[in-house]
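Working notes, beginning with the structure itself.
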Amino acid sequence: MKRLEGKTALVTGAARGIGLEIAMAFAAEGAAVAVADLSQQDCAAAAAEIAGKTGAKAIGLGLDVSKEADCERAIEETIAAFGKVDILVNNAGITRDGLVLRMKEADFDAVMDVNLKGAFLMAKAAAKPMLKARAGRIINISSVVGQSGQAGQANYSASKAGLIGLTKSLAREFAPRQVLVNAVAPGFIRTRMTEGLKDEAKTKIYEMIPLGRMGEPGEVAKAALFLAGDDSAYITGQVLAVNGGLYM
Ligand SMILES: NC(=O)c1ccc[n+]([C@@H]2O[C@H](COP(=O)([O-])OP(=O)(O)OC[C@H]3O[C@@H](n4cnc5c(N)ncnc54)[C@H](O)[C@@H]3O)[C@@H](O)[C@H]2O)c1
């Protein structure tokens with residue numbers, strides 16, 4: 001039996017990168033998936049790719065996670081399509097890097113709005129049906145830099161550290177209704193977000209990582225799959241690091 005047979009999942013930021021890999025992994029394990037991202041067209045294309053490769057049901061939902069009405073509508077549309085929402089993955093994220101003295105207020109706000117407020121809004125919208133069903137999983141994609149800090153990423157690191165606080169608070173609030181909330185903290189993963197790094201920077205990064213390489217999006221997806229399925233039934237409020245040992 002597939003690990004997520006009969007389950008439904010909504011993954012934000014799922015048109016590409018880690019989010020797409022998570023949605024694909026869930027679908028391969030039998031879940032019906034809602035692919036939510038900024039562009040409706042990209043979501044529809046990703047959903048078609050997932051359905052074609054796995055045979056699972058998949059829909060595309062255009063949304064901006066920083067807008068409350070969009071988040072509420074996405075949950076409603078998922079329930080309209082699949083009857084329920086069992087799993088939410090808050091994966092949508094952006095960077096606006098810069099040293100603090102040069103960082104604009106707008107760059108700080110934009111990153112907070114998407115990475116932290118977006119996860120709060122999505123969790124709030126998903127919590128209503130999950131608490132009623134007395135079951136559910138919420139998985140927040142944080143980052144190693146939310147744990148370690150990072151020069152040039154004060155906004156991003158703060159948003160990702162904030163996600164860990166949000167995860168633990170939601171876990172405490174929702175535990176009485178069996179809604180489990182955990183975070184995954186990836187290290188350096190090979191996606192468009194890290195593609196732009198110069199070779200010199202990459203060599204320095206590899207030297208810092210005990211396993212000596214970047215991670216693959218599929219390796220993050222496997223951690224999310226574990227937290228979404230029955231094997232993690234006694235785990236809530238935790239941060240699962242997928243970082244090759246970069247931060248311990
Ligand atoms: N790549 C890494 O090394 C790495 C490391 C640690 C954490 N992460 C986190 O993993 C997640 C996915 O990263 P990725 O590398 O796949 O990045 P990516 O840029 O390839 O994908 C992010 C997706 O989020 C979407 N998105 C952005 N703003 C949005 C909004 N307002 N509403 C809805 N969707 C929005 C984008 O359109 C994009 O499809 C992010 O939260 C990122 O911070 C990535």
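FYI, it's all coordinate maths here, none of it is from the lab. Bear in mind that the values here come from a model prediction, so they are computed numbers and not experimental data. Here Cβ is always computed from backbone atoms with ideal geometry, including for glycine, and neighbour counts include all displayed protein chains.
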Order by protection proxy (mean Cβ within 10 Å, highest first), peptides 53-59, 115-121: 115-121, 53-59
Between ARG190 and ALA80, what FRET efficiency comes out of the Förster formula 1/(1 + (r/R0)^6) with R0 = 51 Å and r the beta carbon distance, rounded to 0.05? 0.90
Amide H of ILE138: which non-local residues (sequence gap of 5 or more, or other chain) have their own amide H closer than 5 Å, using H built in the peptide plane? LEU88, LEU180, VAL181, ASN182
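Rounded to the nearest 0.05, what FRET efficiency do ALA201 and SER39 give with R0 = 25 Å and r taken as the Cβ-Cβ distance? Could you check?
Numbers: r = 29 Å, r/R0 = 1.17.
Computed FRET efficiency for ALA201 and SER39: 0.30.
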3J(HN,Hα) from dihedral phi, the range 73-89, Karplus parametrisation 6.51/-1.76/1.60, rounded to Hz, x for glycine, proline: 5, 4, 5, 4, 5, 5, 5, 4, 7, 10, x, 6, 10, 8, 9, 10, 10
Cβ-based net charge around PRO186, under 12 Å, with every Lys or Arg adding one and every Asp or Glu removing one: 0
Alpha-carbon centroid distance for the pair the range 87-156 / the range 194-248, whole angstrom: 17
